[in-house]
Amino acid sequence: LNTWRHSLEEYSQYVDKKGTNLLSENQDAILTRCEVPTVPVFGIGGALLSGISFVKMDCEGAEIDILLSTESSQSSSWKDVTHLVFEWSFTKERRVHIFHRALDNLESAGFEVVYEGQGSWWDTELNCMWPYHSDLVVFAKR
């Protein structure tokens, strides 16, 4: 059972329910759904603890809400993180200006951000939609 799929169910395209192609008869007999505890990324009780310097974030589209949050724009929220790698899910949010809002948050928190295609036509035109059928890996450091 891939519990991460259930904890991020509202973001994920993966399903394991009757009537889908992803649930075989053999799987149906052995799969059990269970509660998965989650923690916030930022704040008291959050996943980012002092001493963590590298974060690789790939959470099926949930990174969109995380990186658009007010907390992501605050340097103190990132504690000791100096390097961040994440996959922006353009397959879930195709508006490039929304992607730029997330990058602005990271830059406000002191990160320098780089990604493939930076400065190209899709990256600089107003009201552009992501033109490709894939997501984008982004690298940030401070």
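The values are calculated or read from the model by the stated rules, or taken from the named source; none is laboratory data. Here the structure is a predicted model, which is why all the values come from computation and not from measurement. Don't worry about glycine lacking a Cβ; one is built from the backbone with ideal geometry, like all the others, and counts go over all protein chains shown. Surface areas here come from the heavy atoms of the whole protein model, side chains and all, with no ligands, DNA or RNA. Shrake-Rupley method; radii C 1.70, N 1.55, O 1.52, S 1.80 Å.
Taking amide hydrogens as placed 1.01 Å from N in the peptide plane, the amide H of Leu136 sits under 5 Å from those of Trp88, Phe90, each at least 5 positions away in sequence or on another chain.
Using the Cβ of Ser134 as centre and a radius below 14 Å, the other residues enclosed give a net charge of -3, where K and R count +1 and D and E count -1.
Normalising the average separation of contacting C-alpha pairs (under 8 angstrom, six or more residues apart) by the number of residues puts the relative contact order of region 49-142 at 34 percent.
Label sites at Ser69 and Tyr115, each approximated as a point 7 angstrom past Cα along Cα to Cβ, lie 1.9 nm apart.
The figure for Glu116 is an accessible area of roughly 150 square angstrom, using a 1.4 Å probe on the protein chains alone. Figure legend: label point modelled 7 angstrom from the Cα of His97 along Cα→Cβ; residues of region 113-142 with amide N under 17 Å from it are 122-131.
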